[in-house]
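Nothing in this text is a laboratory measurement; each read-out follows from the coordinates by a stated rule. Here the structure is a predicted model, which means the values were calculated and not measured. Cβ sites come from the backbone with ideal geometry, for glycine too, and all protein chains shown count toward neighbours.
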Amino acid sequence: MMLHNTFASSTASARCGSTANATRPVRVRLAPARAYVEEKQKGESSVVAAAAGTNQLEALKTMSVVVADTGKPQLVKKYKPQDCTTNPSLCYQAVQDPEYQGFLQQALQAKAAKSNDPARPYAGVADVLSVIIGSEMLKIVPGRVSTEVDAHLSYDSKACYDKAMHLMDMYAARGIEPGRVYIKLASTWAGIEACRKLQRQGVDCNMTLLFSFGQAAACADVGAALISPFVGRILDWHKAKHGRDFAPHEDPGVASVSRIYKYYKAHDYKTIVMAASFRNAGEIRELAGCDNITISPALLDELQASSEPLPRKLWPTMGGSNDELVSGISQAAFDELHGSDEMAVEKLKQGIDSFAADQRKLEEQLAQLAATL
């Protein structure tokens, strides 16, 4: 990967938390010289079999933190994940179920539901709804819930920061500790800048809609707690581009996550890699051992139904990264790194547009319900 000395250093290294001089050139470093002992590699890459009485889902839980990709508390109870997540799409799907209509009514009655945007009077109600659903999930899971900042704000760093703090205030009002929440932000430059500030305030961020190595490098550089690379959407683009299917072992989305995982481990980043957006269970199996994996109910069912052995494919000391360390990333550097990836630029825009559309659908539904009360 070619990097240029004109890239300005503007951030702290996520590995040590030190502040970089704003005029300092980007620092690059070859992978650490530490040797990866072959015997240790062999030991950590051993097959984790779905032993008698277990299944692939349970085997996966011994290697990766499993996160439920659903907005329905009842499904979270069924699969017993460590963490869970929400976004406008999941919230919209959840409230189609009559069982969750009570959440809508609670959100409409909340005092914190006022919106500052006259064109979107129910935007604040949607925020309250996401916190209500997130709070319900935290009664079930032992870990965290990810709650998403309105996608309409994805290109405005200050608006992202302010919305994130508002969401955290609402969780705090419900007695939820900050350490149980991730704030989800789109991995635009504005989102990454908001993440930098939020992490310094002690608010952990989940950087979503991540498709490029440039996005991943920048997110780790600013100290993001967690990233969510979208495996299936990367596959979708390549299938359309090349007009063919890809087996799980050659899946471009799987390859992207593997590259990012190895880069983070080689350079001692603590940012969690949470693979997301799967099209088939084969992709999940190829990423067994990734830090976190968020999985839809249909694919959780498929893994739970299989008693085949599940080999570990990723582990922290596996080595294999050929990417130099990229630190002190400026906006110009980010634009070059991310902008050179046609797929990532296209899918990021599509993802933001899709999440924003689902947000509007949710607000419209809230308006319709309000009219009946």
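Exceedance of the 32 Å cut-off in Cα-Cα distance is limited, within the set Lys77/Lys197; Lys77/Lys184; Lys158/Lys241; Lys184/Lys265, to Lys77/Lys197; Lys158/Lys241. Loop-located trypsin sites (Lys or Arg not before Pro) in the stretch 101-171 (DSSP state not H, G, I, E or B) with no more than 15 neighbouring Cβ atoms inside 10 Å: Lys114, Lys139. Note on Asp268 and Met165: the extension gain reaches 34.2 nm, defined as 0.36 nm multiplied by sequence separation minus the Cα-Cα distance.
Along the axis of the charge dipole computed for the stretch 305-373 (Cβ charges of +1 for Lys and Arg, -1 for Asp and Glu, origin at the Cα centre), the listed residues Ser306, Met318, Ala357 are led at the positive end by Ser306. Using a simple spin-label model with pseudo-atoms 7 Å out from Cα toward Cβ, Asn55 and Thr372 lie 3.5 nm apart.
With only the Cα atoms considered, the stretch 301-364 has a convex hull volume of 214 Å³ per residue. Here, P(r) means the percent of Cα pairs in each 5 Å bin from 0 to the largest distance; for the stretch 104-143 it is 6, 27, 25, 18, 12, 8, 4, 1.
Along its three principal directions, the equivalent ellipsoid of the stretch 68-218 from the Cα gyration tensor extends over semi-axes of 23, 19, 14 Å, largest first. Note that the stretch 218-295 carries a Kirkwood radius of 12.7 Å, evaluated over its alpha carbons pair by pair.
Size descriptor for the stretch 261-373, Kirkwood hydrodynamic radius: 17.9 Å (Cα pairs only, one decimal). Checking the cross-link pairs Lys262/Lys347; Lys139/Lys361; Lys72/Lys349; Lys72/Lys163; Lys61/Lys349; Lys239/Lys349 against a 30 Å limit on the alpha carbon distance flags Lys61/Lys349 as lying beyond it. Sequence-ordered 3J(HN,Hα) estimates for the stretch 226-231 from the Karplus curve with 6.51, -1.76 and 1.60 and θ = phi - 60° stand at 7, 10, 10, x, 9, 4 Hz, glycine and proline given as x. Spatially, the stretch 180-218 and the stretch 306-373 are offset by 10 Å when compared through their Cα centroids.
Could you tell me the calculated FRET efficiency between Thr317 and Lys114, based on Cβ-Cβ distance and R0 = 56 angstrom, to the nearest 0.05?
Numbers: r = 51 Å, r/R0 = 0.91.
So, using R0 = 56 Å, E works out to roughly 0.65.
Scanning residues 5 or more positions from Asn206 or on other chains, those with amide H under 5 Å from its amide H are Ile183, Lys184, Leu185, with H placed 1.01 Å from N in the peptide plane.
Cα to Cα, under 18 Å, and not fewer than 8 places away if on the same chain: which aspartates and glutamates meet these conditions relative to Lys80? Reachable aspartates and glutamates: Glu58, Asp69, Glu136, Asp291, Asp301, Glu302. Global size of the stretch 55-372: 18.9, 59 Å for Rg and Dmax (C-alpha atoms, Rg to one decimal, Dmax whole).
Using θ = phi - 60° in the Karplus curve 6.51 cos²θ - 1.76 cosθ + 1.60, the 3J(HN,Hα) couplings for the stretch 141-157 round to 8, x, x, 10, 10, 9, 10, 8, 6, 2, 4, 4, 9, 4, 10, 10, 4 Hz; x is entered for Gly and Pro.
What is the order of Phe246, Phe334, Phe213, fewest Cβ neighbours within 10 Å to most?
Numbers: Phe246 18, Phe334 24, Phe213 21.
Lowest count first: Phe246, Phe213, Phe334.
Kirkwood analysis of the Cα pair distances in the stretch 117-184 returns a hydrodynamic radius of 12.4 Å.
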